[in-house]
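Asks: Below you will find the structure I want to go over with you.
The values are calculated or read from the model by the stated rules, or taken from the named source; none is laboratory data. Here the structure is a predicted model, which is why all the values come from computation and not from measurement. Cβ coordinates were reconstructed from backbone atoms using ideal geometry, including for glycine residues, and neighbour counts include every protein chain displayed.
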Ligand SMILES: Cc1ncc(COP(=O)(O)O)c(C=O)c1O
């Protein structure tokens with residue numbers, strides 16, 4: 001299987017949805033397609049790559065669709081929640097409490113109490129949060145596994161805005177300056193049993209991710225040495241997510257099997273084979289598993305430029321529009337019946353979204369077969385960090401999301417109605 005959904009499959013999914021009426025060519029000016037077959041393929045590779053006792057979770061923020069989470073739950077994976085809302089979603093999707101990891105830098109007293117009472121796995125983001133947990137544990141009975149997030153400070157990846165292990169990060173306890181405080185916490189709190197880190201999301205090469213994990217393992221060796229006299233040791237390392245994917249179809253992404261093997265080798269070389277690994281992949285599981293279809297509403301031909309106005313812009317492709325130097329997708333063009341256009345005649349187009357602001361441009365100067373009003377632009381590899389970052393700016397309707405499992409199609413989310421918009425902006 002390729003690392004992306006093939007154009008042949010996309011054509012099959014799109015044209016079948018038109019024929020069945022699931023994609024309504026009058027009302028659905030855009031839609032997202034999500035391919036469970038691709039997700040299952042990614043899950044299979046991930047499971048193969050890591051030791052059997054690894055606790056894999058999906059980062060809900062990448063793709064919070066209940067039906068997607070439900071399928072992931074059925075496979076035995078857990079979920080990583082980064083807010084009260086995501087905790088609620090995780091429980092509604094059916095994850096048992098011991099399969100929910102709660103990460104967030106802004107957990108309130110109330111949220112922590114709820115997490116402790118429900119025995120969620122909790123990663124504290126700071127020493128201040130650990131102290132809050134300690135206070136709550138005086139009155140709340142809990143079986144929660146608790147870890148502490150560190151910032152291993154191993155450096156930035158290629159995309160600064162999604163790099164979290166530079167000298168400064170708003171997340172985690174900085175390791176270089178606060179190692180002693182971290183050690184003290186493990187000595188002081190006998191319920192603190194793990195280390196959490198997340199180096200960044202996309203743009204971080206495997207070497208940087210491995211450097212971060214190695215810093216975590218070295219720290220765990222020191223903690224274990226300190227805890228020897230108490231007959232305790234660190235039981236887990238949560239390595240976060242962050243393995244980059246490829247948004248280019250002719251460029252292979254880093255190999256997850258190789259990543260898993262290297263982590264395993266490190267555990268062995270530090271004599272830490274007993275340590276349980278927790279993962280929190282988001283982009284790796286979801287981004288290549290979906291695509292957006294968006295109608296060409298207008299074709300604007302001017303002497304100096306050609307612009308296609310489509311129905312997906314910064315509302316669904318926030319990073320791509322605001323930070324186009326770092327975020328890019330491949331595009332294809334389909335006709336009204338959902339057939340791939342492969343005309344030999346091509347043109348350079350800007351692809352612009354429907355919002356009222358200048359940066360609402362999804363791509364600039366890309367070469368495509370000649371486009372007509374009513375054609376559809378396919379934006380590839382948009383199954384993660386797209387609709388989950390949806391913006392209500394200009395009050396447009398959230399698009400329909402169509403899922404494909406084996407050969408069957410189902411609605412994963414309805415297209416919003418105008419009344420939903422009214423509800424959103426009403427008291
Ligand atoms: C704490 C944490 N874990 C996991 C993830 C998922 O990262 P990715 O989607 O790059 O795998 C993120 C995303 O930023 C995160 O902040």
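Asks: How many residues does the range 57-86 contain that are within 12 Å of the chain's Cα centre (by Cα) and either over 16 Å from residue 388 (Cβ atoms) or modelled with pLDDT under 95 (or both)?
Replies: Total satisfying the criteria: 0.
Asks: Also, I was wondering about something else. Would the range 58-74 turn up any residue that is under 21 Å from residue 290 (Cα atoms), in contact with a helix residue (DSSP H, G or I) (Cβ under 9 Å, 6 or more places away or on another chain), within 14 Å of the ligand (Cβ to nearest atom) and assigned to a strand (DSSP E or B)?
Replies: yes
Asks: Check off (1) under 30 Å from residue 288 (Cα atoms); (2) outside any helix (DSSP H, G or I); (3) in contact with a strand residue (DSSP E or B) (Cβ under 6 Å, 6 or more places away or on another chain) for residue 194 and give me the number that stays unchecked.
Replies: So the condition that residue 194 fails would be (1).
Asks: Further, regarding this structure: Quick check: anything in the range 218-227 modelled with pLDDT of 95 or more, assigned to a loop (DSSP other than H, G, I, E, B) and in the same structural domain as residue 145 (by TED's automatic domain parsing)?
Replies: No, the range 218-227 contains no residue that is modelled with pLDDT of 95 or more, assigned to a loop (DSSP other than H, G, I, E, B) and in the same structural domain as residue 145 (by TED's automatic domain parsing).
Asks: Check residue 215 against each of (1) without any contact (Cβ under 8 Å) to a residue 60 or more places away in the chain; (2) more than 14 Å from the ligand (Cβ to nearest atom); (3) crowded, with 18+ Cβ neighbours inside 10 Å and name the one condition it does not meet.
Replies: So residue 215 meets the others, but not (1).
Asks: Right, next: If you scan the range 111-126, which residues turn out to be surrounded by fewer than 21 Cβ atoms within 10 Å (Cβ to Cβ), in a helix (DSSP H, G or I) and under 26 Å from the mean Cα position of the chain (by Cα)?
Replies: The answer is 111, 114.
Asks: Taking into account only those residues within the range 233-260 that are under 14 Å from residue 207 (Cβ atoms) and within 13 Å of the ligand (Cβ to nearest atom), which is surrounded by the fewest Cβ atoms within 10 Å (Cβ to Cβ)?
Replies: 254
Asks: Which of the numbered conditions does residue 158 fail, given that it passes all the others? Conditions: (1) outside any loop (DSSP other than H, G, I, E, B); (2) at pLDDT below 95.
Replies: Among (1) outside any loop (DSSP other than H, G, I, E, B); (2) at pLDDT below 95, residue 158 violates only (1).
Asks: Mind checking which strands (runs of 3 or more DSSP E) fall wholly inside the range 319-427 and carry at least 1 residues that are over 30 Å from residue 93 (Cβ atoms), out of contact with any helix residue (DSSP H, G or I) (no Cβ under 9 Å at 6 or more places or on another chain) and modelled with pLDDT of 95 or more?
Replies: Filter on the range 319-427 gives 331-334, 346-352, 361-369, 376-379.
Asks: Then there is this: Being under 27 Å from residue 83 (Cα atoms) and in contact with a helix residue (DSSP H, G or I) (Cβ under 7 Å, 6 or more places away or on another chain), is that true of even one residue in the range 3-12?
Replies: no
Asks: Moving to a separate point now. When the range 261-312 is examined, which residues are found to be farther than 30 Å from residue 223 by Cα and within 16 Å of the ligand (Cβ to nearest atom)?
Replies: 283, 284, 285, 286, 287, 288, 289, 290
Asks: Do any strands (runs of 3 or more DSSP E) entirely within the range 267-314 hold 3 or more residues that are more than 25 Å from residue 72 (Cβ to Cβ) and touching a strand residue (DSSP E or B) at 6+ places or on another chain (Cβ under 7 Å), and if so, which?
Replies: So the answer is 298-301, 306-309.
Asks: Still on this structure, I have one more. Restricting to the range 87-105, and then to whatever is outside any strand (DSSP E or B) and either within 13 Å of the ligand (Cβ to nearest atom) or within 14 Å of the chain's Cα centre (by Cα) (or both), can you tell me which residue is nearest to residue 38 (Cα to Cα)?
Replies: Looking at residues that are outside any strand (DSSP E or B) and either within 13 Å of the ligand (Cβ to nearest atom) or within 14 Å of the chain's Cα centre (by Cα) (or both), I get 104.
Asks: Can you pull out every residue in the range 8-46 that is assigned to a strand (DSSP E or B) and either more than 19 Å from the chain's Cα centre (by Cα) or surrounded by fewer than 20 Cβ atoms within 10 Å (Cβ to Cβ) (or both)?
Replies: 30, 31
Asks: Looking only at the range 337-346, decide whether some residue is within 26 Å of the chain's Cα centre (by Cα) and surrounded by fewer than 13 Cβ atoms within 10 Å (Cβ to Cβ).
Replies: No, the range 337-346 contains no residue that is within 26 Å of the chain's Cα centre (by Cα) and surrounded by fewer than 13 Cβ atoms within 10 Å (Cβ to Cβ).
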